[in-house]
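Asker: I have a structure here, written as structure tokens, and I will follow up with some questions on it.
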Amino acid sequence: MIVVLTGGTGGAKFVEGLRQVVSAHDLTFVVNTGDDLEWWGLYVSPDLDSITYAMAGLLSKERGWGVKGDTFFCLQAMGELAEPIWFNVGDRDLAVHLLRSKYLAQGKTLTEATTAICNKLAVQARILPMSNSRVETRVDTPVGDLSFQEYFVQRWYQDPVKSVRFTGATDAEPAPGVVDSIMSASAVILAPSNPATSIGPILAVADIREALRQTPATVAAISPIVNDAAVSGPAAALMAAQGLPVSIAGVVKAYEDFLDILIADVRDLEAANKLDRPGLRVHCANTIMRTADDKAKLARTVLALLSAENARAADPS
Ligand code: GDP
């Protein structure tokens, strides 16, 4: 079983690549829930949705989130009723939020609700929220302490970031299945997701981070930072606010206590040669995923590296 820790857009692109080259039955996803929000009275989990839609073949490629070909009639109607509409929810997407909220109101956990939704969408991979308790990413800015979606979607991530914290993380337990799957994985992959606010909340759950340290599986990460910049979104500002250099060295630093392999972009070959961390293997590949083919190629490269690593571990001679 391959275990993938992931967030939203960057992570979902890589997940679309994996979907093309590995059987869904061999994949378990541990997904960030730090971006979750209550919207129009519904429980919305944007990263769980992106990964679910990616594995169901439903993800909108143009937007990188939500359901392909979706309409936005409800959003428009809510605007006409003077309700907030800064968080975009498509009509088909809304159906999933309604269903999840119904399950949660019936007393199901987020894990159970996610499994039920996956079953309805014929997703055969195992998709796990990182935790069933609420861990919330908060971004401290000069205009105030914002939820991740207020910072990212409502305010277009334009505010300077003073700090990032994950409320509830100290007491949060990993969701059922998360630690077991990491401990028994054939390999663990950290998708090219934002290290600060997509992978960061997952690692803030102490028992998950500990499982990554303890697992006998090789742990590989694909860098979301290329040429000292984020490929998209606010990762650079958020990493800097956490004291991490905005470079592949910063990605290594974020994961330094458990990372075995870094897959950096070919554009970072020089920086990769300068990385000096005993035990870390660094490989360069094209990590920019524009087409379905790019996504599949990157997934194949990562899997080939991991199986070579496993073969080496099995026969060190
Ligand atoms: P989000 O922050 O919730 O949208 O989701 P993610 O954390 O999964 O995705 C954002 C991260 O993905 C950013 O840090 C980007 O730099 C990274 N990213 C996006 N597209 C690509 C890509 O094609 N290649 C690589 N290497 N990173 C990417």
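Asker: Residues that are buried (at least 19 other Cβ atoms within 10 Å of the Cβ), in contact (Cβ under 8 Å) with a residue 60 or more places away in the chain and over 16 Å from the mean Cα position of the chain (by Cα): does the range 170-177 have at least one?
Answerer: no
Asker: What number of residues within the range 273-300 are within 12 Å of the ligand (Cβ to nearest atom) and either assigned to a loop (DSSP other than H, G, I, E, B) or loosely packed, with under 14 Cβ neighbours inside 10 Å (or both)?
Answerer: Looking only at that region, the number is 6.
For (1) at pLDDT below 95; (2) part of a loop (DSSP other than H, G, I, E, B); (3) under 26 Å from Gly168 (Cα atoms), each residue gets a yes or a no:
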position	(1), (2), (3)
Asp35	no, yes, yes
Ile51	no, no, yes
Arg92	no, no, no
Ser101	no, no, yes
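Asker: When residues of the range 118-147 are filtered for being in contact (Cβ under 8 Å) with a residue 24 or more places away in the chain and not aliphatic (A, V, I, L, M), how many remain?
Answerer: Residues flagged as in contact (Cβ under 8 Å) with a residue 24 or more places away in the chain and not aliphatic (A, V, I, L, M) within the range 118-147 amount to 13.
Asker: Here's a check for you: in the range 25-35, which residue that is buried (at least 24 other Cβ atoms within 10 Å of the Cβ) and more than 11 Å from the ligand (Cβ to nearest atom) is farthest from Asn286 (Cα to Cα)?
Answerer: Checking each candidate, the answer is Thr33.
Asker: Mind listing whichever residues of the range 37-49 are of a type in the set (A, V, I, L, M) and in a strand (DSSP E or B)?
Answerer: Hits for the range 37-49 are Leu37, Leu42, Val44.
Asker: Of all residues being surrounded by fewer than 24 Cβ atoms within 10 Å (Cβ to Cβ) and either among the aromatic types (Phe, Trp, Tyr) or over 22 Å from Ser232 (Cα atoms) (or both) in the range 183-207, which is nearest to the chain's Cα centre (by Cα)? Just the residue, please.
Answerer: Top of the filtered list is Ala204.
Asker: With the checklist (1) crowded, with 19+ Cβ neighbours inside 10 Å; (2) of a type in the set (A, V, I, L, M, F, W, C); (3) touching a residue at least 40 places away in the same chain (Cβ under 8 Å) in hand, flag the one item Ile248 doesn't pass.
Answerer: Ile248 satisfies all of (1) crowded, with 19+ Cβ neighbours inside 10 Å; (2) of a type in the set (A, V, I, L, M, F, W, C); (3) touching a residue at least 40 places away in the same chain (Cβ under 8 Å) except (3).
Residues checked against (1) out of contact with any helix residue (DSSP H, G or I) (no Cβ under 7 Å at 6 or more places or on another chain); (2) of a type in the set (Val, Ile, Thr); (3) more than 16 Å from the ligand (Cβ to nearest atom):
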site: Glu16; (1), (2), (3): no, no, no
site: Ser23; (1), (2), (3): yes, no, yes
site: Gln76; (1), (2), (3): yes, no, yes
site: Val89; (1), (2), (3): no, yes, no
site: Thr111; (1), (2), (3): yes, yes, yes
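The values are calculated or read from the model by the stated rules, or taken from the named source; none is laboratory data. Since the structure is predicted, the reported quantities are computational estimates derived from the model, not experimental observations. No Cβ is skipped: glycine too gets one built from the backbone with ideal geometry, and neighbour counts run over all protein chains shown.
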